[in-house]
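Report on the following structure.
What follows draws every value from the coordinates through simple rules; no lab data is involved. Computed from a predicted structure; not experimentally measured. Cβ coordinates were reconstructed from backbone atoms using ideal geometry, including for glycine residues, and neighbour counts include every protein chain displayed.
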Amino acid sequence: MILILIFALLVFQPLFQEPAEQPSRPTDPSDPMPPPDMDYFIGTWSFDWNVPESPLGPAGKFKGMETYRKTSDGSYESEIAGEGPEGAFKGRATTVYDEKKRMVTRSETGLFGVEMKKTGPIGGDLGGYYTIFWETEPIKKDGKTVKLKGKTLMLSPAHYRLQIQISVDGGPYTNFGNPWFRKTDGKSSS
């Protein structure tokens with residue numbers, strides 16, 4: 001009987017112990033940012049975006065779907081399909097995250113009938129919110145040089161948003177819309 005009591009105490013003792021104390025200090029700017037989980041994007045996202053007239057095309061609404069998958073080399077490929085001011089379109093994109101440099105590069109085709117490459121750093125906070133700050137390489141279309149810059153705001157497991165600005169022929173950057181992306185396949189990586 002005493003052996004059973006000793007055994008029970010040894011087995012159930014962890015249940016009655018106080019939990020280990022967590023550090024009781026606020027986060028510090030020097031605390032390391034946890035690495036982003038780029039699998040966040042895997043799945044199908046619906047999007048809608050109102051764009052102003054520009055050398056890239058007429059004003060109007062873009063609406064469609066983008067489906068991401070992870071490749072064997074760790075990059076992400078996506079297929080884009082939708083309707084825009086000039087009709088139906090299809091596109092493709094490849095997104096690569098360089099963890100060492102904390103840089104994201106996205107190369108895409110199909111949207112606006114041009115190829116574009118967006119590159120920039122990703123930053124985050126200790127709460128798990130991440131933002132990609134990107135710029136495109138110059139885009140030539142109809143005798144004009146266009147640059148886009150913006151932020152990809154990874155807001156929740158089910159939504160992310162872009163804030164985009166456009167510059168034409170070296171002019172000032174102006175608002176180019178804020179497309180919303182909503183997870184549609186019911187799966188999230190978080």
Ordering of 56-64, 137-145 by burial proxy (mean other Cβ atoms within 10 Å per residue, highest first): 56-64, 137-145
Please give the helix 2-16 orientation as an angle from the longest Cα principal axis of the chain, in degrees from 0 to 90, rounded to the nearest 10. 30 degrees
The range 25-69-the range 108-149 distance, computed between alpha-carbon centres (Å): 11 Å
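Please go through the range 30-105 and write out the GluC sites (Glu not before Pro) that DSSP classes as loop and that have at most 16 other C-beta atoms within 10 Å.
Details: sites: 53, 66, 77, 79, 83, 86, 99; in loops: 53, 86, 99.
The qualifying sites are 53, 86, 99.
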Rounded to the nearest 500, what is the chain's calculated 222 nm mean residue ellipticity when only DSSP H runs of at least 4 contribute -39500 (n - 2.57) each, over all residues? -2500 deg cm²/dmol
Can you give the local net charge around residue 162? Use residues other than it whose beta-carbon is closer than 12 angstrom to its beta-carbon, Lys and Arg +1, Asp and Glu -1. +3
Cα-based Kirkwood hydrodynamic radius, the chain, one decimal, Å: 19.3 Å
The alpha-carbon pair-distance distribution computed for the range 94-190, with 10 angstrom bins and whole-percent values, is 14, 43, 33, 9, 1
